[in-house]
Amino acid sequence: PGPRPCDAWAREQLGAKRSSIFTPPVRPTIEGLSPGDTSSEAYREACTINQQHTGKKISKQAFFISFKIKEADQWLQAYPEAQKVVGEAHPELAFLWLKGQPLLHKKKATAGQTERMALLRQPIPDTPQLIAEARKRFLKKQVANDDLLDAL
């Protein structure tokens, strides 16, 4: 399997921020994951499996979200009817669409989070309250502020 057309399109849309789109692992890589094992050894094994199927290793970012991809995949396999209505999205594309042009600031920067919060308030007026509630439930070491904004 080669690169997914949707990833190529997303990178094209994001231009200078194209590196925020990373190629997801193939299904055999996902299936080979042990729940919660984020060790260096597990990462090397995931890279090996992915390389056997695609000729390419996976990035650390792809590895760390692989566990959530696996959960979503298992759920979609268990509920095939959901496959008709569940889609995939990328936060940076959503923010690009909301603003109509590339964002000015990096998502980890305070200015970037302020910029994203303002954009999210257009379709979701209670964004600040939702973020505050999530912050009460999750420590910053569990979920970073920019990840909360991305989740909305």
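Tabulated values for the structure
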{"item": "Residue among Lys60, Lys17 that alone is touching a Pro at 6+ places or on another chain (Cβ under 7 Å) and of a type in the set (D, E, K, R)", "result": "Lys17"}
{"item": "Cβ pairs under 7 Å, 6+ apart, first in region 19-40 and in contact (Cβ under 8 Å) with a residue 40 or more places away in the chain, second surrounded by fewer than 18 Cβ atoms within 10 Å (Cβ to Cβ) and β-branched (Val, Ile, Thr)", "result": "Pro24/Ile69; Ile30/Ile69"}
{"item": "Members of region 72-101 that are at pLDDT 95 or above, among the charged types (D, E, K, R) and in contact with a Leu (Cβ under 7 Å, 6 or more places away or on another chain)", "result": "Lys99"}
{"item": "Residue match in region 86-99 (condition: farther than 29 Å from Leu33 by Cα and over 17 Å from the mean Cα position of the chain (by Cα))", "result": "yes"}
{"item": "Those residues of region 30-59 which are assigned to a helix (DSSP H, G or I) and either aliphatic (A, V, I, L, M) or within 21 Å of Leu76 (Cβ to Cβ) (or both), in sequence order", "result": "Ile30, Glu31, Ala42, Ala46, Ile49, Asn50, His53"}
{"item": "Members of region 9-27 found to be under 24 Å from Asp73 (Cα atoms) and either surrounded by 13 or more Cβ atoms within 10 Å (Cβ to Cβ) or charged (D, E, K, R) (or both), listed by number", "result": "Ala10, Arg11, Ser20, Ile21, Phe22, Thr23, Pro24, Pro25, Val26, Arg27"}
{"item": "Ala118 being assigned to a helix (DSSP H, G or I) and either buried (at least 16 other Cβ atoms within 10 Å of the Cβ) or among the hydrophobic types (A, V, I, L, M, F, W, C) (or both)", "result": "yes"}
{"item": "Residue, nearest to the chain's Cα centre (by Cα), within region 121-145, restricted to residues that are hydrophobic (A, V, I, L, M, F, W, C), farther than 17 Å from Ala94 by Cβ and in a helix (DSSP H, G or I)", "result": "Ala134"}
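The values are calculated or read from the model by the stated rules, or taken from the named source; none is laboratory data. Fair warning: this is a prediction, and the values are worked out from it, not measured in the lab. Positions of Cβ are generated from backbone atoms using ideal geometry, with glycine treated the same way; all protein chains shown enter the neighbour counts.
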